[in-house]
Amino acid sequence: MPDQDQTVYPYGAWPSPITSEAITAGTVGLSDLAVDGVDVYWVEMRPFEGGRSVLVKRGEDGTVSDVTPAPFDVRTRVHEYGGRCYAVHAGTVYFSHFADGRLYRQTPGGTPEPITPKLNVRFADPVLDLPRERIIAVREDHRDGGHEPRNELVTVELAGENTDGGVVIATGADFYASPRLSPDGTRLAWTEWDHPNMPWDDTRLMLADVAEDGALRSARQIAGGPGESALEPRWSPAGMLHFVSDRTGWWNLYRLGARVEALCPMEAEFGEPQWVFSPARSAFLSEDSLMCAYDQGGQSHLAVLERAGEHGRLRDLDTAFSLAWDLQVQGSRVVCLAGAPDRQPCVVRLSQEGDVEVVHEPAGFRVDPRDLSVPEAIAFPTEGGRIAHAFFYPPRNALARGPEGERPPLLVIGHGGPTGATFAVLSPFVQFWTTRGFAVLDVNYGGSTGFGREYRERLRGQWGVVDVQDCVNAARFVAQRGDVDARRMAITGASAGGYTVLCALTFHDVFTAGASHFGVSDAETLAQDTHKFESRYLDSLIGPYPEMKELYRARSPIHFTERLSRPVVFFQGLEDKVVPPDQARRMFEAVRSRGLPTALVEFEGEGHGFRRAENIRRALEGELLFYGQVFGFTPPDLSVTLPIENVGVA
C-alpha cells in the first residue's frame, strides 16, 4: 500500500532532498592513502575549491588538518589521468604541484619549496630512498616538442639542484609504473610496457639490483609478457617480492621465491586496471599474512590471506563495507579507503578479525535511509547467449511517489574506460536521480573489469558493439520485468561511456534520449588526436589504424547522423586533452542540423572530467532539465537554465 506520507508527483519531478548544491558542497574525492608512523594521509579533491586536490593528515589524537596550503594542487598529469604523486616520511612530504609539474618538499609547519626546476616534465609514483637521500619516480618528459613524451624512471635528489629534472635509471620502454624499493634498499621492482599495449594487456614485471652508487644493475624480467598483465609489485617485511598476474585468466596474487608461486589460485580478481598510479589492493600484516581486496561475480570482498602449506588460506572479513582500496599497513592493522551502498568512501582502520574503526568520514553529503535507493545486483542475458552484469537502483523518496499505474523512467549509465567497472558504493549522483523518480541501471558491460580476462576481452575489437548491446539488453531486461517505462529510457555516460551513449542512440532505437559527457563521436579522429597513454588503445578496442580505417568510420556515430532520431545533450571541457572539444562540437552541429532537440554546454578551464562545483552543478541539473523537456515533466527547484536547440529554453 502507498505510504500515507507520500505525495503523488510526476516521475522525474519529485522534490528531492539531494540537491546539486548539497552534492558539490559536501562531496570530496578521497584517494592516495599513506601511513607515516601514527599519522594517516590522503588526498581530497574538493569541487568547492575549484577542484583543487589537497593533502590531508589525521594525527594520532584524531585531529584532521590540511597539509598543503592554497594554491598548491597535489596532482599530476603523467598519463593525463595521474594518480599517486606524493611521498611522506617523518612528517616531511614531497609532492607534485599540478600547475607547474615540479616536485616540492614541505617540512612539518613549513611552506612548500621546489626541489626540481621549471621544466616541461611531470612526475608520478614517487618512492623515498632515504639512505641515498633521493626519490625514485616515474618521469614524463615533454621537452621534445611535437614528439611523444618520453617516460622513464628517474632519481631526484632530496637536497640537490636536479637541474635536468632527475637522473635516468631506467629507459627504453614506452611506459613505466610502480617503482618499489625492497626493505633493505638493494633491489628495485617496477612494471613497464610498450605500445600498442595497455597495462591490462601485456606488461613486464622487472627486477634490478641497486648498486652502491644507486645505479640499477642486472635488470631482468620475472613475470609478464605476451598475454599476461603483471602489476602491483609489493615487498613483504622480509623482502620477498609479491605481485598480481592474470596468467591464468584472473588477476591473482603471486610471490617470487625460488620460483614464482601462486598464493591462492581462484577465479577472482585481486588486481584492477592501472588507469592511475599506485592502487594498492593488499597490505602485509606479517611475513605470512596479508589483508587484500578482491572482486568475484560482480561483488567486492575484504579478506585476510594466510600462508598455509603450498597455497594460502583466504578468510573473508565480515564488514559493512562493499569496496576497499589503497590498503596500507599501520602496526598490526590496515588503514584503507572503503565504501558501501549506504556510505560514501571514507578512511577506515581494520583489524585482521574484521573490526572496523572509521578514521575519517567527510562531512557534508548524507542520505536519509528512507530516501536511499539500495542497488540490486543483476545478471542479464545478452548477445551470443552470454550473461552480463549491472546494478539496478529503483526510485526512492520518503515523501514522494509516482502516479498510480505508471512506471518510472530509466537512466542507464555506461561507465568510462571502457576498461573499468562500476561498484555498489553510495554515489550522490545516482541518488540525485533516484530521489527524483528515476530508476538507474549502472551497467558492467562486456569489457568491464572484475570478472576475469575473458570477460574483459569481450570488448577486444568490439568497442561500440558489445558495450552498446549490453546496455541495450540491460534496459530491455528491466523493462520486461516491469520495473520501468520502456517508452522513457535514457542513457548517459562520460568519456568512453559517452561514446557508448552516442552509438546506442545512433545504431539502436531502444533509448528515448541521452547525455554525452566529453564522449567520443569520431573514433578515427580519436586515434589520430589523443595523448600518448591511450594513443594505441584503440588498436585493441577496434583494430590497428590506419589499416582498419573503414572499420573506424563504421564505428563512428558522426558518420551516421542520418540514422539518429533521438535528442541528445553534450557537456564538454574546453581543456580536454583526452577527448578534444571538437568531438562534441561536430556531433552537436550534426544533431542540430537534423532538427532534433539538443544542447552543448562547454566549460572553460575543465579537462577530462569536471572538478569545479559550479560546473558539476550545471551539468547535473542541465541533464535533468533536458530529460524533463523530452519526457514532459518540470523539475522543481533548479538553479540553472539550459538553451535547448530546436525546442527553446528549459
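The values are calculated or read from the model by the stated rules, or taken from the named source; none is laboratory data. Note that the coordinates shown come from a computational prediction; the quantities given were computed from them, not determined experimentally. Backbone-built Cβ (ideal geometry, glycine too); neighbour counts: all protein chains shown.
Give me the residue from region 339-362 that is of a type outside the set (D, E, K, R) and part of a loop (DSSP other than H, G, I, E, B) and, out of that set, modelled with the lowest pLDDT. Outline the logic, then answer.
As a first pass, look at region 339-362 and keep what is of a type outside the set (D, E, K, R): 339-341, 344-348, 350-352, 354, 356, 358-360, 362.
Then keep just the ones that are part of a loop (DSSP other than H, G, I, E, B); that gives 341, 351-352, 354, 362.
Numbers: Pro341: 94, Ser351: 96, Gln352: 93, Gly354: 93, Pro362: 89.
Taking the candidates together, the pick is Pro362.
Show the residue pairs that are 6+ apart or on different chains and have beta-carbon atoms under 8 Å apart, the first residue being within region 529-558 and free of Cβ contacts under 8 Å to residues at least 24 places away in the same chain and closer than 30 Å to His142 by Cα, the second being among the acidic types (Asp, Glu) and surrounded by 19 or more Cβ atoms within 10 Å (Cβ to Cβ).
Tyr545/Glu524; Tyr545/Asp539
Which pairs turn up if I take residues in region 72-95 that are farther than 21 Å from Gln328 by Cα and look for partners that are of a type in the set (Lys, Arg) and in a loop (DSSP other than H, G, I, E, B) with beta carbon separation below 6 Å, at least 6 apart in sequence or on another chain?
Glu80/Lys577
Which residues, counting only those in region 1-53, are buried (at least 20 other Cβ atoms within 10 Å of the Cβ) and among the β-branched types (Val, Ile, Thr)?
Selection gives Ile18, Ile23, Thr24, Thr27, Val28, Val40, Val43.
Residue-by-condition table, conditions (1) in contact (Cβ under 8 Å) with a residue 24 or more places away in the chain; (2) surrounded by 24 or more Cβ atoms within 10 Å (Cβ to Cβ); (3) not assigned by TED's automatic domain parsing to the domain that holds Arg247:
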residue: Asp129; (1), (2), (3): yes, no, no
residue: Ile135; (1), (2), (3): yes, yes, no
residue: Gly145; (1), (2), (3): no, no, no
residue: Leu158; (1), (2), (3): yes, no, no
residue: Gly165; (1), (2), (3): yes, no, no
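Looking at Glu602, is it of a type in the set (Asp, Glu), at pLDDT 95 or above and assigned to a helix (DSSP H, G or I)? Please lay out each step first, then the result.
On the way: of a type in the set (Asp, Glu): yes; at pLDDT 95 or above: yes; assigned to a helix (DSSP H, G or I): no.
In short, no.
Gly101 is checked against (1) in contact (Cβ under 8 Å) with a residue 40 or more places away in the chain; (2) within 28 Å of the chain's Cα centre (by Cα); (3) part of a loop (DSSP other than H, G, I, E, B) and fails just one. What number does that condition carry?
(1)
Identify, please: which residue in region 537-591 is closer than 22 Å to His608 by Cα and of a type in the set (Asp, Glu) and is, among those, surrounded by the fewest Cβ atoms within 10 Å (Cβ to Cβ)?
Ranking the qualifying residues of region 537-591, first place goes to Glu575.
Out of Phe270, Phe365, report the one residue that is buried (at least 20 other Cβ atoms within 10 Å of the Cβ) and hydrophobic (A, V, I, L, M, F, W, C). Walk me through it before giving the result.
Values: Phe365 fails: buried (at least 20 other Cβ atoms within 10 Å of the Cβ).
None of the others qualify; the one that does is Phe270.
For region 532-586, what are the residues that are touching an Asp or Glu at 6+ places or on another chain (Cβ under 9 Å), among the aliphatic types (A, V, I, L, M) and modelled with pLDDT under 95?
Within region 532-586, just Val578 meets the criteria.
So, of the residues in region 265-303 that are touching a Leu at 6+ places or on another chain (Cβ under 7 Å) and modelled with pLDDT under 95, which turns out to be nearest to Leu337 (Cα to Cα)?
By that ranking, first place goes to Ala280.
Return yes when Arg487 is surrounded by fewer than 24 Cβ atoms within 10 Å (Cβ to Cβ) and within 22 Å of Arg396 (Cα to Cα) and no when it is not. Quick ask: steps written out before the conclusion?
Working: surrounded by fewer than 24 Cβ atoms within 10 Å (Cβ to Cβ): yes; within 22 Å of Arg396 (Cα to Cα): yes.
Yes: the conditions hold for Arg487.
Search region 355-379 for residues being touching a residue at least 60 places away in the same chain (Cβ under 8 Å) and of a type in the set (D, E, K, R), and hand back the single one that is nearest to Cys471 (Cα to Cα). Please lay out each step first, then the result.
If we filter region 355-379 for residues that are touching a residue at least 60 places away in the same chain (Cβ under 8 Å), which is where we start, we get 359-360, 362-368, 371, 373, 375, 377-379.
The next check asks that each one be of a type in the set (D, E, K, R); those that pass are 366, 368, 371.
Numbers: Arg366: 30, Asp368: 30, Asp371: 26 Å.
Checked region 355-379; the qualifying residue nearest to Cys471 (Cα to Cα) is Asp371.
Every residue, every condition in (1) in contact with a Phe, Trp or Tyr (Cβ under 8 Å, 6 or more places away or on another chain); (2) among the hydrophobic types (A, V, I, L, M, F, W, C); (3) assigned to a strand (DSSP E or B); (4) at pLDDT 95 or above, yes or no:
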site	(1), (2), (3), (4)
Thr24	yes, no, no, no
Ser53	yes, no, yes, yes
Val56	yes, yes, yes, yes
Pro71	no, no, no, yes
Arg77	yes, no, no, yes
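Go through (1) within 30 Å of His147 (Cα to Cα); (2) in contact (Cβ under 8 Å) with a residue 12 or more places away in the chain for Ala599 and report which single condition fails.
Ala599 satisfies all of (1) within 30 Å of His147 (Cα to Cα); (2) in contact (Cβ under 8 Å) with a residue 12 or more places away in the chain except (1).
Looking at Gly83, Gly91 in this structure, which one is closer than 30 Å to Glu157 by Cβ, modelled with pLDDT of 95 or more and surrounded by fewer than 20 Cβ atoms within 10 Å (Cβ to Cβ)? If you could, list the steps in order and put the result at the bottom.
Values: Gly83 fails: surrounded by fewer than 20 Cβ atoms within 10 Å (Cβ to Cβ).
Selected residue: Gly91, the only one of Gly83, Gly91 that is closer than 30 Å to Glu157 by Cβ, modelled with pLDDT of 95 or more and surrounded by fewer than 20 Cβ atoms within 10 Å (Cβ to Cβ).
Only one of (1) of a type in the set (Ser, Thr, Tyr); (2) more than 26 Å from Val329 (Cα to Cα); (3) surrounded by 22 or more Cβ atoms within 10 Å (Cβ to Cβ) is not met by Thr248, so which one is it?
Thr248 satisfies all of (1) of a type in the set (Ser, Thr, Tyr); (2) more than 26 Å from Val329 (Cα to Cα); (3) surrounded by 22 or more Cβ atoms within 10 Å (Cβ to Cβ) except (3).
Name the residues in region 94-114 that are buried (at least 22 other Cβ atoms within 10 Å of the Cβ) and aromatic (Phe, Trp, Tyr), would you?
Listed by number, the residues that qualify are Tyr94, Phe95.
Select from region 111-141 the residues that are at negative phi and assigned to a loop (DSSP other than H, G, I, E, B) and list them in ascending order. Before you say what the answer is, go through the steps one by one.
Narrowing region 111-141 to residues at negative phi: 111-124, 126-132, 134-141.
The answer is Thr111, Pro112, Ile115, Thr116, Pro117, Lys118, Leu119, Asn120.
Those residues that are crowded, with 24+ Cβ neighbours inside 10 Å, closer than 23 Å to Ile542 by Cβ and within 20 Å of the chain's Cα centre (by Cα), I need them from region 495-515; list them, please.
Ala496, Gly497, Gly498, Tyr499, Thr500, Val501 - these are the residues of region 495-515 that are crowded, with 24+ Cβ neighbours inside 10 Å, closer than 23 Å to Ile542 by Cβ and within 20 Å of the chain's Cα centre (by Cα).
I need the full set of residues from region 326-346 which are of a type outside the set (D, E, K, R), under 18 Å from the mean Cα position of the chain (by Cα) and more than 24 Å from Phe432 (Cβ to Cβ), in order please. It would help to see each step written out before you state the result.
Residues of region 326-346 that are of a type outside the set (D, E, K, R), as a first pass: 327-332, 334-341, 344-346.
Still in the list and also under 18 Å from the mean Cα position of the chain (by Cα): 327, 336-341, 344-346.
Correct list: Leu327, Cys336.
Identify the single condition in (1) touching a Pro at 6+ places or on another chain (Cβ under 6 Å); (2) closer than 30 Å to Asp3 by Cα; (3) modelled with pLDDT of 95 or more that Phe365 does not satisfy, given that it satisfies every other one.
(3)
Residue check: is Arg563 of a type in the set (D, E, K, R) and touching a Cys at 6+ places or on another chain (Cβ under 9 Å)?
On the way: of a type in the set (D, E, K, R): yes; touching a Cys at 6+ places or on another chain (Cβ under 9 Å): no.
Here the answer is no, as Arg563 does not meet what is asked.
Can you tell me which residue among Ala159, Ala238 is outside any strand (DSSP E or B) and modelled with pLDDT under 95? Lay out the reasoning, then the answer.
Values: Ala238 fails: modelled with pLDDT under 95.
One residue alone meets the criteria, Ala159.
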